[in-house]
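The values are calculated or read from the model by the stated rules, or taken from the named source; none is laboratory data. Only a predicted model underlies this, so the values are computations on that prediction, with no experimental measurement involved. When we count neighbours, we look across all protein chains shown, and the Cβ atoms used for this are built from the backbone with ideal geometry, even at glycine.
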Amino acid sequence: MLFAIIGYDGPEGAALRPKVRPVHLEHLRPYVAAGKVRLAGPFTDGSGSLIVIDVETEAAAIEFSQRDPYFTEGVFERVEVKPFRQVFPE
């Protein structure tokens, strides 16, 4: 099942992001290697990031997002997890 994870940067997000980025990417790599991350990246307005992940349950998506170093280290002030249905590409 697909989930959109939206991380909203906190007040220190811009300053913390470059420092935390290497461990954030390491957190993502096993999921990328397993084909679980469909897309990921920051919003160009500096407000946060989007990850679309394929996991079994919403609980698994929430757990993934709460272990993300961007969340645990304070880049993200808050995170939303929403079920997502991909239409395109087919």
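Here's the yes/no breakdown for (1) surrounded by fewer than 16 Cβ atoms within 10 Å (Cβ to Cβ); (2) of a type outside the set (A, V, I, L, M); (3) outside any strand (DSSP E or B):
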site: R29; (1), (2), (3): yes, yes, yes
site: G41; (1), (2), (3): yes, yes, no
site: G46; (1), (2), (3): yes, yes, yes
site: Q66; (1), (2), (3): yes, yes, yes
site: G74; (1), (2), (3): no, yes, yes
site: E77; (1), (2), (3): yes, yes, no
site: Q86; (1), (2), (3): yes, yes, yes
- Message: Can you report the number of residues in the stretch 53-88 which are within 15 Å of G41 (Cα to Cα) and either over 11 Å from the mean Cα position of the chain (by Cα) or not charged (D, E, K, R) (or both)?
- Response: 8
- Query: Among the residues of the stretch 72-88, how many are free of Cβ contacts under 8 Å to residues at least 60 places away in the same chain and among the aromatic types (F, W, Y)?
  - Reply: 1
- For the stretch 48-60, indicate whether the set of residues that are assigned to a loop (DSSP other than H, G, I, E, B), farther than 17 Å from V20 by Cβ and either modelled with pLDDT under 95 or of a type outside the set (S, T, N, Q) (or both) is non-empty. yes
- Counted residues in the stretch 7-18 being in contact (Cβ under 8 Å) with a residue 40 or more places away in the chain and either farther than 17 Å from R67 by Cβ or surrounded by fewer than 19 Cβ atoms within 10 Å (Cβ to Cβ) (or both) come to 8
